[in-house]
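Asks: One structure, as structure tokens, below. Some questions next.
Quick note: the coordinates plus some simple rules give every number you see, no bench work behind them. As the structure is a computational prediction, the values presented were derived from the model and not from experiment. Every residue, glycine as well, gets a Cβ built from its backbone with ideal geometry; the counts of neighbours run over all protein chains shown.
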């Protein structure tokens, strides 16, 4: 797929990929998904959706992910050294801190959501470009999914959230500043937490 929005390098995904995968029992980001790893599949969808630069916050599998993306200049790895003792918010804060100054907006993407597709990514970017002051979130049947596209003007607030807060607290505080993009696929609601999730959702040969 052509990168229709590659002229907007200031929209950058932050992929959260630091977790221990305790519920899966093995590192889910490295599981096979149609001949690629899960994390490669997520990166590919974002890149094909129009994101020429991608940041990945790593942790438990930093070494393995580094090997996968070695030599790919468009992939920037940011290591969360406290991955074993912090929550998703802290990984996001580390990723946002690393973004270049010219960043206009950033995706919050999940490293364990290989169901993400490039069409949704491209539509979210179109949606954002029509109103770049709103938080853009995909929705299926009135249910909020991922990835989220956040204007950079919210970055400082996210960086200043205390550790006891969550991203849900942030979103709830800005309920009137969300622009929902209705999509026709429930894939935006799915991620991989357990072996049952993986066996149910992975593409079958």
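Asks: Counting only residues that are buried (at least 20 other Cβ atoms within 10 Å of the Cβ) and free of Cβ contacts under 8 Å to residues at least 60 places away in the same chain, how many does the stretch 136-147 have? Write out each step before concluding.
Replies: Of the stretch 136-147, the ones buried (at least 20 other Cβ atoms within 10 Å of the Cβ) are 136-138, 145-147.
With free of Cβ contacts under 8 Å to residues at least 60 places away in the same chain added as a condition, the list becomes 136-138, 145-146.
Final tally of qualifying residues: 5.
Asks: Within the stretch 20-30, track down each residue that is in contact with a strand residue (DSSP E or B) (Cβ under 7 Å, 6 or more places away or on another chain) and in a loop (DSSP other than H, G, I, E, B).
Replies: Answer for the stretch 20-30, where residues must be in contact with a strand residue (DSSP E or B) (Cβ under 7 Å, 6 or more places away or on another chain) and in a loop (DSSP other than H, G, I, E, B): there is none.
Asks: Give the number of residues within the stretch 73-88 that are out of contact with any strand residue (DSSP E or B) (no Cβ under 9 Å at 6 or more places or on another chain) and part of a loop (DSSP other than H, G, I, E, B). Break it down into steps so the answer makes sense when it comes.
Replies: Within the stretch 73-88, the subset out of contact with any strand residue (DSSP E or B) (no Cβ under 9 Å at 6 or more places or on another chain) is 73, 81-82, 84-87.
Filter once more, keeping what is part of a loop (DSSP other than H, G, I, E, B): 73, 81-82, 86-87.
So the answer is 5.
Asks: Pick from the stretch 184-205 the residues that are more than 17 Å from the chain's Cα centre (by Cα) and part of a loop (DSSP other than H, G, I, E, B): which of them is farthest from residue 147 (Cα to Cα)?
Replies: Ranking the qualifying residues of the stretch 184-205, first place goes to 205.
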